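J.: Have a look at the structure that comes next, please.
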DNA sequence: TAGGCCAAGATTTTC
DNA sequence: TCTTGGCCTA
């Protein structure tokens, strides 16, 4: 059997791949070939005769799930339609699609993302007459999430928000809506309250695998354990040093918990790094060794030292961008590095802008993952909200979003009246609106009643259409016409016609993507509900992977986890950015998480690492003096070379330089 | 009562 | 820089 396994796997890796019964903990250091181990392990299981439908692999991002699925397919040469590789949240949705009725929800439930959540909290606060300035919305949302998932409890300072929370919950239930936390919590509840359902799932999934285990939350762990305790064939793969999602409830102590819960486990440490040069690894080790809460491990590499890490201190973020763009161009010419082999990794999305400007100016093709996702764009959310109301008329948040977009004369007063009616009858805004258009004693004027009535009729009619098989995309196109979204956009952006055109194009792209999805022969469930479920979980990194070739990658460190690049640039390595000032405010322990983040950033690089820290930086409206990140002191000095700030190379000079270089190379002459 | 205009405030990371 | 909320006008 073993000779089916490609030779480059080392002994530990082979052990990790071939031990498929019983619990297993794999501690996989950065660059230790983790993904290969996981994909080989799955294909090994398949070869051993474990049916694909019995395997459940859980990951963190859609991207990771998709890549894992693809790799296994490549490895086995099979389609594997029954193999479950998905994110925890997507798995939660699948469970809920089948079982949510057990909790009294209907199957057309809406999934609220954080934006929807914020609008609901805001709306609820308004109803409760809470003064809006006493309310820190994101903070409240974080509190609610903490309460719901059991990470926090009410205390002296938060107690006052309790009624708001209760109200929030009852609204969610009334709207037939769930939030991201619910996608984990509700399956746990269902499994707890309905042992026969749990038994079914245990029966089905005899082999469970969890990737990025250090990022599982306490509840994801519970969910995993519920499923795994049937067979106890559960394999978790993680690295405590790369735990960077504690703000989302991730808890690397799950590794310790796993060791307690599964005392019979096999434990394997993968410590050989196949990715980076000795220099880069030494820098990473230097940094991470300052963390006190970690499992000791010694990452080593057989690779050569490689070249030193280059440090820059540009004057401001503009210079920084120019420097990075120019360096990329130089390296491409001198070392024949391809665009896609560069990764530019930032702590916060806001740092992207200056870099993008520089790349645009230099004509460097780049790809940003992160920032505003396609599905977060206003025009897209508008259209999707229309679909959501059609699917689930009880979804008040979606209703509010579309009821006056494009404007149809429904203003504040009208909405108040609809809201009042809804409260009195405890029904949705949609039903209340329907009622008020008909009622004899309606407080609404005749004009507005007619407008509302035709709006509701439109939703009704298009909703029916959208439910017909493979008819979502045509419905979207018809809808755009019917509400004259085009005319509205042109009106809204009179001064800038380009924006209007661009937004319309986005909508057409959306319609196109829906059409592709509906027509995909491998899509076994092409309905409206399943479409909406699906798009709610699509986040930033999920589109345009095809044309990612030939572009420089610009992304946050968080979204770079699991990826690697020949050459990595880390801009903005300044105190207050990494470690991030806001993160440190929350608690002291977050310093270690920030350090892990920096560690993850460094270990993405295969061959060469550039780090820069600006002296000044624009922050919102004004310019702030910056100082270098304290983490830089943790990198051994002898691994770095410092660059004085040079005059930025102008475009003409650069062109001259390249021309000269080409001449020289062409002539075969030496400098 | 709806919608336009202006000023102030704001954002760490993702499913 | 962009978004949101409040105020004013029609």
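The values are calculated or read from the model by the stated rules, or taken from the named source; none is laboratory data. Remember, it's a predicted structure, so these values are computed and weren't measured experimentally. Glycine gets a Cβ as well: all are built from the backbone with ideal geometry, and neighbour counts include every protein chain shown.
J.: Is at least one residue of region A:128-138 at pLDDT 85 or above and either over 16 Å from residue A:182 (Cβ atoms) or assigned to a helix (DSSP H, G or I) (or both)?
T.: Looking through region A:128-138, none of the residues is at pLDDT 85 or above and either over 16 Å from residue A:182 (Cβ atoms) or assigned to a helix (DSSP H, G or I) (or both).
J.: Could you tell me whether any residue of region A:116-138 is within 22 Å of the chain's Cα centre (by Cα), more than 20 Å from residue A:388 (Cα to Cα) and surrounded by fewer than 17 Cβ atoms within 10 Å (Cβ to Cβ)?
T.: yes
J.: Any residue at all in region A:400-419 that is assigned to a helix (DSSP H, G or I), within 14 Å of DNA strand B (Cβ to nearest atom), closer than 30 Å to residue A:617 by Cα and in contact with a helix residue (DSSP H, G or I) (Cβ under 9 Å, 6 or more places away or on another chain)?
T.: No, because not a single residue in region A:400-419 is assigned to a helix (DSSP H, G or I), within 14 Å of DNA strand B (Cβ to nearest atom), closer than 30 Å to residue A:617 by Cα and in contact with a helix residue (DSSP H, G or I) (Cβ under 9 Å, 6 or more places away or on another chain).
J.: Another question, if that's okay. Any residue in region A:524-537 that is modelled with pLDDT under 95 and on the phi > 0 side of the Ramachandran plot?
T.: no
J.: Those residues that are outside any helix (DSSP H, G or I), buried (at least 20 other Cβ atoms within 10 Å of the Cβ) and either within 26 Å of the chain's Cα centre (by Cα) or without any contact (Cβ under 8 Å) to a residue 24 or more places away in the chain (or both), I need them from region A:250-272; list them, please.
T.: A:250, A:251, A:252
J.: Okay, moving on. In region A:561-576, which residues are outside any strand (DSSP E or B) and either on the phi > 0 side of the Ramachandran plot or near DNA strand B (Cβ under 9 Å from one of its atoms) (or both)?
T.: Those that are outside any strand (DSSP E or B) and either on the phi > 0 side of the Ramachandran plot or near DNA strand B (Cβ under 9 Å from one of its atoms) (or both): A:561, A:562, A:572.
J.: Looking at region A:596-609, can you tell me whether even one residue there is assigned to a loop (DSSP other than H, G, I, E, B) and either within 16 Å of DNA strand B (Cβ to nearest atom) or on the phi > 0 side of the Ramachandran plot (or both)?
T.: Among the residues of region A:596-609, at least one is assigned to a loop (DSSP other than H, G, I, E, B) and either within 16 Å of DNA strand B (Cβ to nearest atom) or on the phi > 0 side of the Ramachandran plot (or both), which makes the answer yes.
J.: Still on this structure, I have one more. Within region A:342-364, can you find the residues that are more than 16 Å from DNA strand B (Cβ to nearest atom), surrounded by fewer than 20 Cβ atoms within 10 Å (Cβ to Cβ) and assigned to a helix (DSSP H, G or I)?
T.: Matches in region A:342-364: A:357, A:360, A:361, A:362.
J.: Could you tell me whether residue A:59 is modelled with pLDDT of 90 or more, within 16 Å of DNA strand B (Cβ to nearest atom) and closer than 21 Å to residue A:197 by Cα?
T.: In short, no.
J.: Please state which of the following conditions residue A:76 fails to meet, knowing it meets all the rest: (1) in contact with a helix residue (DSSP H, G or I) (Cβ under 7 Å, 6 or more places away or on another chain); (2) in contact (Cβ under 8 Å) with a residue 60 or more places away in the chain; (3) more than 16 Å from DNA strand B (Cβ to nearest atom).
T.: Failing condition for residue A:76: (2).
J.: Turning to a different aspect of this structure: Consider residue A:328 carefully, then state whether it is touching a helix residue (DSSP H, G or I) at 6+ places or on another chain (Cβ under 7 Å), part of a helix (DSSP H, G or I), in contact (Cβ under 8 Å) with a residue 60 or more places away in the chain and over 30 Å from residue A:113 (Cβ atoms).
T.: no
J.: Just checking: which of the helices (runs of 4 or more DSSP H) contained wholly in region A:433-534 hold 2 or more residues that are over 28 Å from the mean Cα position of the chain (by Cα) and in contact (Cβ under 8 Å) with a residue 60 or more places away in the chain?
T.: A:446-467, A:472-482, A:485-492
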